[in-house]
1. If a residue must be farther than 11 Å from Leu137 by Cα and under 26 Å from the mean Cα position of the chain (by Cα), how many such residues does region 76-97 contain?
2. Considering only residues of region 211-225 that are closer than 16 Å to Ser155 by Cβ and not charged (D, E, K, R), which is surrounded by the most Cβ atoms within 10 Å (Cβ to Cβ)?
3. Taking Ser305, is it surrounded by fewer than 19 Cβ atoms within 10 Å (Cβ to Cβ) and of a type outside the set (Lys, Arg)?
4. I'd like the full set of residues that are of a type outside the set (Phe, Trp, Tyr), within 15 Å of Phe326 (Cβ to Cβ), modelled with pLDDT of 95 or more and out of contact with any Ser or Thr (no Cβ under 9 Å at 6 or more places or on another chain), limited to region 377-407.
5. For region 90-122, give me the residue count where each residue is in a helix (DSSP H, G or I) and surrounded by fewer than 18 Cβ atoms within 10 Å (Cβ to Cβ).
6. Only residues in region 309-328 that are within 18 Å of Asp360 (Cβ to Cβ) count as the first member; pair them with residues that are of a type in the set (Ser, Thr, Tyr), Cβ under 8 angstrom, at least 6 apart or cross-chain, and list the lot.
7. Output the residue which, of all residues in region 240-264 that are under 23 Å from Ala61 (Cβ atoms) and crowded, with 19+ Cβ neighbours inside 10 Å, is farthest from the chain's Cα centre (by Cα).
Amino acid sequence: MNTFSVSRLAMALTLGMALSACSSVPPEERPSEQVAPGSDARPVLTADEAQNFVAANYFSAVTPDMGPWRPSSIAIPQQADFVVGPPGTPGVTHTTIQAAVDAAIQKHTSQRMYIAILPGEYNGTVYIPAASGSLTLYGTGQSATDVRIGIALDSEVDAASWRHAVNPSGKYMPGKPAWYMYDNCQNRQTATIGMMCSAAFWSQNNGLQLQNMTIENSLGDSVDAGNHQAVALRSDGDQVQLNNVNILGRQNTFLVTNSDIQNRILKDRQTRTLVTNSYIEGDVDMVAGRGAVVFDNTDFRVVNSRTQQEGYVFAPATQANVSYGFLAVNSRFSAAGDGVAQLGRAWDIGDANGQVVIRDSVINEGFNIAHPWGTAKDSQRPFAGNIEPQRQLNDSRYNRMWEYNNRGLGTPQ
């Protein structure tokens with residue numbers, strides 16, 4: 001056998017060993033095979049382009065009076081200002097979360113107030129109003145499932161039914177801090193209460209921090225798919241942090257907006273949110289709204305037990321003149337079906353052109369490989385991906401939905 005033949009044999013053996021090793025590695029652990037610019041249906045960023053989509057840019061100043069936000073880890077004090085738990089438990093100051101929130105806001109302090117929540121199930125809504133100071137609410141259990149907060153609310157019920165569900169014992173009353181939030185919703189002149197008032201947990205608090213808890217709109221599969229939004233968590237505040245939080249629902253599970261105290265989505269305000277080490281579950285537009293949100297090490301789970309059809313993870317309504325909407329990094333996307341779910345679709349509110357980037361994440365086989373992005377909500381504008389050689393990342397002729405360095409069976413192999 002000559003030297004050339006030996007060399008070819010050695011190369012073949014080496015290649016065979018490499019392929020065998022690769023096939024034994026789970027898809028989610030293999031290197032990404034996504035290559036820029038991708039396709040019209042699935043655009044992919046270059047390494048240079050991806051440098052624009054990091055948390056610091058999402059948290060940069062967007063108005064002259066707003067400085068950049070540099071969030072640090074949520075710090076828990078040795079002793080909370082308020083403790084929520086069963087009556088008679090040592091150290092407990094309030095038996096409901098809303099009562100503790102009211103007490104903290106009524107301090108009228110600019111200092112951060114801390115509310116510890118003992119393990120248990122807390123049925124009913126929680127409303128946190130705008131205030132001069134920020135609140136930190138944290139569960140004291142071993143895991144996020146030890147503290148469960150929620151209620152079943154449907155956007156399609158009338159105001160009278162909503163009032164009965166939300167305020168049966170009069171916890172929202174004139175003079176209490178969150179009254180304006182409740183009053184705005186109960187006075188709606190529409191036939192149904194609508195998505196904006198369907199949240200189990202609603203905050204307008206700048207600087208809000210939530211840690212180690214589960215928030216759920218438990219409407220679940222009791223209604224059909226369509227217009228039955230059932231928001232678990234709604235946040236309108238700036239510089240909001242969530243860590244180790246489960247957010248459970250079906251349609252519009254996590255709603256992030258830039259709304260004012262009149263409950264109006266604005267054009268001249270950008271809110272910023274950081275979500276870490278968390279879990280979000282739903283079936284239609286699981287994460288929706290207007291604002292800059294960074295998800296780091298977060299699990300997104302699409303369930304289709306209600307819809308039996310394709311679901312969507314993201315529905316950004318990013319303003320067209322704002323460069324940063326939703327960013328998911330080092331996260332995991334899974335769906336119950338087989339090649340049916342989609343990563344997202346734009347939510348066309350006025351001049352919106354939703355912006356989202358998914359990078360350095362794992363996408364499982366439940367997602368549509370060929371068409372991971374859907375037609376826009378409301379306007380039905382078809383998805384248009386930008387793969388032009390000299391593309392502008394904010395070109396209004398295209399959707400601003402991108403991927404970079406993702407892996408798993410839900411990405412092209």
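The values are calculated or read from the model by the stated rules, or taken from the named source; none is laboratory data. All values derive from a computational prediction rather than experimental measurement. Cβ: placed from backbone, ideal geometry, glycine included. Neighbour counts: every protein chain shown.
1. The initial filter retains those residues of region 76-97 that are farther than 11 Å from Leu137 by Cα, namely 77-79, 85-96.
Still in the list and also under 26 Å from the mean Cα position of the chain (by Cα): 96.
Qualifying residue count, region 76-97: 1.
2. Asn217
3. Details: surrounded by fewer than 19 Cβ atoms within 10 Å (Cβ to Cβ): yes; of a type outside the set (Lys, Arg): yes.
Yes: the conditions hold for Ser305.
4. Asn399, Met401, listed by residue number.
5. So the answer is 2.
6. Correct list of pairs: Tyr324/Tyr58; Tyr324/Ser60; Tyr324/Thr318; Gly325/Thr318; Phe326/Thr318; Leu327/Tyr58; Ala328/Thr298; Ala328/Ser361.
7. Among those that are under 23 Å from Ala61 (Cβ atoms) and crowded, with 19+ Cβ neighbours inside 10 Å, it is Ser259.
Conditions tested, residue by residue: (1) in contact with a Lys or Arg (Cβ under 8 Å, 6 or more places away or on another chain); (2) aliphatic (A, V, I, L, M).
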site	(1), (2)
Gln241	no, no
Thr276	no, no
Gly282	yes, no
Ala292	yes, yes
